[in-house]
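Chemist: Mind having a look at this structure? Questions to follow.
The values are calculated or read from the model by the stated rules, or taken from the named source; none is laboratory data. Not measured: the values here are computed from a predicted model. In this analysis, Cβ positions are derived from the backbone assuming ideal geometry, glycine residues included, and neighbour counts consider all displayed protein chains.
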Amino acid sequence: MKLTVWTYEGPPHVGAMRVVTGMKGVHYVLHAPQGDTYADLLFTMIERRDHRPPVTYTTFQARDLGGDTANIVTTAITDAYERFKPDTLIVGASCTAELIQDNPGGLAERLDLPVPVVSLELPAYQRKENWGAAETFYQMVRTLTLHRAPERGETFERQRDGASRPTVNLLGPTALGFRHRDDVTEVTRLLDRMGVDVSVVAPWESSPHDLVRIPDADANVVMYPETADTVARWLERTFDQPYTKVVPIGIGATRDFVNEVAELLDIDPEPGLSAIQSNMPWWSKSIDSTYLTAKRVFVFGDASHAVAAARVAAEEMGFEVVGLGTYQREFARDIRKAAKVHGVEPLISDDHLEVEEAIEAAAPELVLGTQMERHIAKRLGVFCAVISAPVHVQDFPARYSPQMGPEGANVLFDTWVHPLVMGLEEHLLGLFQDDFEFTDGVGPSHLHTGTVSHAGTAQEGQATGEDTLRTPDVPEPVVARASGDIEWLDAAEKELKRIPFFVRGKARRNTEKYALEQGVDAISVDVLYEAKAHYGNR
Amino acid sequence: MSTPLPMAEAGACDAPVLKERGQHEVFCGLTGILWLHRKMQDAFFLIVGSRTCAHLMQSAAGVMIFAQPRFGTAVIEEKDLAGMADMNEELDRVVGRLLARRPELKTVFLVGSCPSEVIKLDLNRASERLTGIHGPDVRFAHYSGSGIETTFTQGEDACLNSLVPSLPKKDGDTPDLLVVGTLAEVVEQQMLRIFDQIGLGPVRFLPGKSSRELPPVGEGTRILMAQPWVDETVRSLQSRGAELIPAPFPYGAEGTEAWIRAAARRWGIDDATVDEAVEGPRARAHTAMARHREALEGKSVFLFPDSQGELPMARFLSRELGMRLVEVGTPHLDRAHMQAELELLGPDVRLAEGQDVDKQLDRCRAERPDLTVCGMGLANPLEAEGLRTKWSIELVFTPVQGFEQAGDLAELFNRPLDRQRRLRFS
């Protein structure tokens, strides 16, 4: 058993729902109790979908358990088929139904429906949402294309249908994804400039008929390895269809992506490379951005967004990556590899308390994370931008805001820089500490919220009567706050408070580290400034 | 004002009820924790369940109440089910870790879920065992909020019911009033002021702020139900000697007045005293409701089953706001406790108990009501079909009881229509 307060991922059947809800002509009969219908609101409220997810729940009750729950499943499948007439039916069980082992797949098979039936086995006590999405997508593609697989030793003949340009499929976008809708548009545009046509986008807005056509494209673009890696590997093995490994988030990665696609398709990368027109590089080189230099950032999210964000942070924003992690154990290897490049310890954890501890210890100035890290950052009085699922209604902006491709790079620049205190403002805060209208507690002046920082969270703590919140501005005890036996003398503690809050954590950490190294056990004002001189602005 | 309430000429007591058994589109009882954990500030709600339970709580909370909440899930894992770990030991370990982090907790509710019920994990024994380890500083109680046994608000009923055996025995048999069902503090204070004014007391609330200072119960305890879903709790209190005062629920001016009068009558307080106390608040309520009545009068409304608050809500909508009831769904109809409400509803109201959501949607689409009250999973899809909706969970999460909230309650129903009038997309 594991004590969980907030989770990064839902159960695997929610992943299956993300696949089927993104599609057309599919219906999912889920053997599940009534409470599991909450999952509908993820799609209708968070993503603002105008249709119910194509899911029928059996909603069995305790009184059914002694009797015939299998019969309830059979009725639900029959009724759902009659009502929705899907082209493909998916059946499966949620965590509770998994325990009673009614075998919905077998029951569906016995009904001999005139459409393909995909039976899902998603072990709810071992696996999670992203795995469930990947497995569902794989099972569907497999079921719908296996009849086209070449015999051993034979080559697969692609149906070109007179297409003159090379074609690719875009694999991975689902319902409830982080900016999937806009990423599809952006990547499609970029490929078009390269002279490449998109054959099938899936699962997003595809039908079972579209899935049948997947093997006909020349290659697959894996947009989101979380959901498409499994199926892409199978397609490569079965239909000799190569796939991309680079996720085109950021200018550098987008260039790498163009080169990779060109190589897979044996075409000239130049038109694609020259199509990468983005303001981002110049915005980043512009002198107003110098204040971004070596800002400490902590990156956490799903593996592909986190790896991409860390690269953009380091190579395109000039930040210092001080932490990198993911909640997806399945992709731990990718994070470890990237962490090595950035010289940080990889964090592989789906326990948000552990993530919070790591963020606090790293004392970043900016957190690039999920909605969970947004809350953690708020509590720690650090700025945050969201780069990855799990999603929130705010992650579905009305405007076009992809993460991928040239426009995606613009979006990253704006959304990451926006929460930060502007360069000159930063200096002014440092200069005039005691201005009653211009205190560091009010947050950046260009953000109307005014309570980005600790002031807001402290109030929140009082109002809710929740745990004492650890915020930088809460008066701290004079003695032995640091690790080991280091003590902050009163005057030094006061001096520390004069440092703007967004660098205070860093200053505290550096000073303590310096004191420890120097064998000093009481931090005076002098020690504080000696540490400052030693570390500079790092 | 001593005359009994003007009943509908014939009530809905004998109205046929459409009983449906199909897909239910409702929350399970775990969601009650969302308000119970804010009410009882020294208690922690530990769901023994799956990742789905944890995800539900997170999603239903909508905006995550991100300061560490006083609820969490002990997520059952494969190794627990495969017998590689002793589930009781695991639970003890999780509770130990929790209490080490939060030593201020006074009560821990072990909350059963669908999976824990299916595998028949004995939370009664667990709670006794844990009391042995951590008692008497921390008390353990247990109830099931599973979706195979409870619907949405029934979770609160199960929780309060689990507390009844711990209620101290009342000294003597002098009457006191016990108001059962979570109310917002502002509402409690308003009710207390009126009861005080008419000389009715002492008044206690279940649940209160503390999970340890529980109200006494016994001969002389008289109960008013504040919420329509505390059926089992009331029955258990009755078996401990308490007496239920039958009354409509305190929604709207009419419901609130009837609710207060029912108690006053039982106390033998004369009508003039009550008249004096309710006159002002009632007039204010009518003023506050008037402009919403203007907008809602004659409009049709369809209520999907959600909280069990649908009948009293429908009574309020039809009698005080003049709306036309198309269908009133309820997840569960407890006739004994709904008697007063049924008497007030007209005879031609279509009541539906249980649910077959696809069929109910068919009926709703066919009727095209001016307003549909439904859960969040259905609201946007119906809006997209051109229907105006009020998502029902807001009715549970907002203080709506009492005179001073009658206008707010009316406004909740008027807001979608108001919005429709304001928006000009052709």
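Chemist: Would you call B:LEU333 touching a residue at least 12 places away in the same chain (Cβ under 8 Å) and surrounded by 23 or more Cβ atoms within 10 Å (Cβ to Cβ)?
Modeler: It is false that B:LEU333 is touching a residue at least 12 places away in the same chain (Cβ under 8 Å) and surrounded by 23 or more Cβ atoms within 10 Å (Cβ to Cβ).
Chemist: Considering only residues of the stretch A:497-530 that are among the aliphatic types (A, V, I, L, M) and modelled with pLDDT of 85 or more, which is nearest to A:LYS295 (Cα to Cα)?
Modeler: It comes out as A:LEU528.
Chemist: State all residues of the stretch B:33-46 that are more than 17 Å from the chain's Cα centre (by Cα) and either more than 9 Å from every other protein chain (Cβ to nearest Cβ) or assigned to a loop (DSSP other than H, G, I, E, B) (or both); if no residue qualifies, say none.
Modeler: B:GLN41, B:ASP42, B:ALA43, B:PHE44, B:PHE45, listed by residue number.
Chemist: If you take the residues of the stretch B:144-190 that are over 12 Å from the mean Cα position of the chain (by Cα) and within 14 Å of another protein chain (Cβ to nearest Cβ), which of them is surrounded by the fewest Cβ atoms within 10 Å (Cβ to Cβ)?
Modeler: This residue is B:GLU185.
Chemist: From the residues in the stretch B:47-69 that are at pLDDT 90 or above and more than 7 Å from chain A (Cβ to nearest Cβ), which one is nearest to A:LEU380 (Cα to Cα)?
Modeler: B:MET57
Chemist: Out of (1) of a type in the set (Val, Ile, Thr); (2) more than 22 Å from B:GLY298 (Cα to Cα); (3) in contact with a strand residue (DSSP E or B) (Cβ under 6 Å, 6 or more places away or on another chain), what's the single condition that is false for B:VAL326?
Modeler: Result: B:VAL326 fails condition (2) only.
Chemist: Let me ask another. What about A:ASP87, is it within 14 Å of another protein chain (Cβ to nearest Cβ) and in contact with a helix residue (DSSP H, G or I) (Cβ under 9 Å, 6 or more places away or on another chain)?
Modeler: In short, no.
Chemist: Being free of Cβ contacts under 8 Å to residues at least 40 places away in the same chain and either touching a Gly at 6+ places or on another chain (Cβ under 6 Å) or buried (at least 21 other Cβ atoms within 10 Å of the Cβ) (or both) narrows it down to one of B:PRO103, B:PRO69, so name that one.
Modeler: B:PRO69
Chemist: How about the stretch B:172-214: which of its residues are part of a loop (DSSP other than H, G, I, E, B) and within 22 Å of B:ARG139 (Cβ to Cβ)?
Modeler: Matches in the stretch B:172-214: B:GLY181, B:THR182, B:PRO207, B:GLY208, B:LYS209, B:SER210, B:SER211, B:ARG212, B:GLU213, B:LEU214.
Chemist: May I pose another question? Do we have any residue at all in the stretch A:99-112 that's under 22 Å from B:VAL357 (Cβ atoms), of a type in the set (Gly, Ala, Ser), within 14 Å of another protein chain (Cβ to nearest Cβ) and surrounded by 14 or more Cβ atoms within 10 Å (Cβ to Cβ)?
Modeler: no
Chemist: Among the listed residues A:GLU354, A:GLU407, which satisfies the condition of being out of contact with any His (no Cβ under 9 Å at 6 or more places or on another chain), under 17 Å from A:VAL299 (Cβ atoms) and not small (Gly, Ala, Ser)?
Modeler: On inspection, the qualifying residue turns out to be A:GLU354.
Chemist: So, in the stretch A:317-367, how many residues would count as being under 18 Å from A:LYS295 (Cβ atoms) and among the charged types (D, E, K, R)?
Modeler: Number of matching residues: 3.
Chemist: Just to be sure, is B:LYS120 more than 8 Å from chain A (Cβ to nearest Cβ), within 18 Å of B:THR150 (Cα to Cα) and free of Cβ contacts under 8 Å to residues at least 12 places away in the same chain?
Modeler: yes
Chemist: Residue pairs, Cβ under 6 Å, 6 or more apart or interchain, first in the stretch B:164-176 and under 18 Å from B:ILE245 (Cα atoms), second among the acidic types (Asp, Glu) and surrounded by 10 or more Cβ atoms within 10 Å (Cβ to Cβ). List them.
Modeler: B:ASP173/B:GLU219
Chemist: Further, regarding this structure: Can you say whether B:VAL95 is in contact with a His (Cβ under 8 Å, 6 or more places away or on another chain) and facing another protein chain (nearest Cβ under 10 Å), as far as the supplied structure shows?
Modeler: The answer is yes for B:VAL95.
Here is a yes/no grid of residues against (1) in contact (Cβ under 8 Å) with a residue 60 or more places away in the chain; (2) part of a strand (DSSP E or B); (3) more than 8 Å from chain B (Cβ to nearest Cβ); (4) under 30 Å from B:ALA384 (Cβ atoms):
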{"residue": "A:ARG63", "(1), (2), (3), (4)": "no, no, yes, no"}
{"residue": "A:ILE77", "(1), (2), (3), (4)": "no, no, yes, yes"}
{"residue": "A:ARG83", "(1), (2), (3), (4)": "no, no, no, yes"}
{"residue": "A:THR96", "(1), (2), (3), (4)": "yes, no, no, no"}
{"residue": "A:GLN126", "(1), (2), (3), (4)": "no, no, no, no"}
{"residue": "A:GLY132", "(1), (2), (3), (4)": "yes, no, yes, yes"}
{"residue": "A:GLU135", "(1), (2), (3), (4)": "yes, no, yes, no"}
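Chemist: OK, next. Kindly list the number of the only condition in (1) touching a strand residue (DSSP E or B) at 6+ places or on another chain (Cβ under 6 Å); (2) in contact (Cβ under 8 Å) with a residue 40 or more places away in the chain; (3) over 30 Å from A:PRO203 (Cβ atoms); (4) part of a helix (DSSP H, G or I) that fails for A:ALA306.
Modeler: (3)
Chemist: Taking the stretch B:205-221 only, how many residues are surrounded by 18 or more Cβ atoms within 10 Å (Cβ to Cβ) and not small (Gly, Ala, Ser)?
Modeler: Here the count works out to 6.
Chemist: What number of residues in the stretch A:98-124 are in contact with an Asp or Glu (Cβ under 9 Å, 6 or more places away or on another chain) and part of a strand (DSSP E or B)?
Modeler: The total comes to 2.
Chemist: Identify, please: which residue in the stretch A:350-380 is touching a strand residue (DSSP E or B) at 6+ places or on another chain (Cβ under 8 Å), among the charged types (D, E, K, R) and at the interface with chain B (Cβ under 10 Å from one of its Cβ atoms) and is, among those, nearest to A:GLY177 (Cα to Cα)?
Modeler: Going through the qualifying residues, I end up with A:ARG374.
Chemist: Separate question: Could you check how many residues of the stretch A:25-83 are surrounded by fewer than 16 Cβ atoms within 10 Å (Cβ to Cβ) and over 16 Å from A:SER94 (Cβ atoms)?
Modeler: 12
Chemist: Against the condition within 26 Å of the chain's Cα centre (by Cα), of a type in the set (Ser, Thr, Tyr) and within 23 Å of B:CYS53 (Cα to Cα), how does A:TYR38 come out, does it pass?
Modeler: So A:TYR38 passes the test.
Chemist: For the stretch A:139-183, enumerate the residues that are touching a residue at least 60 places away in the same chain (Cβ under 8 Å), small (Gly, Ala, Ser) and buried (at least 24 other Cβ atoms within 10 Å of the Cβ).
Modeler: A:GLY177
Chemist: Looking only at the stretch B:373-412, count how many residues are outside any loop (DSSP other than H, G, I, E, B), in contact (Cβ under 8 Å) with a residue 60 or more places away in the chain and closer than 19 Å to A:TYR38 by Cα.
Modeler: Residues meeting the conditions: 8.
Chemist: Take B:ASP356 and tell me if it is within 14 Å of another protein chain (Cβ to nearest Cβ), among the charged types (D, E, K, R) and surrounded by fewer than 17 Cβ atoms within 10 Å (Cβ to Cβ).
Modeler: When the stated conditions are applied, B:ASP356 does not pass them.
Chemist: Moving on. Please give the number of the condition B:LEU371 fails out of (1) modelled with pLDDT under 95; (2) more than 17 Å from the chain's Cα centre (by Cα).
Modeler: So the condition that B:LEU371 fails would be (1).
Chemist: Continuing with the same structure: If you take just the helices (runs of 4 or more DSSP H) that sit entirely in the stretch B:260-357, which of them hold at least 1 residues that are β-branched (Val, Ile, Thr) and modelled with pLDDT of 95 or more?
Modeler: B:271-296
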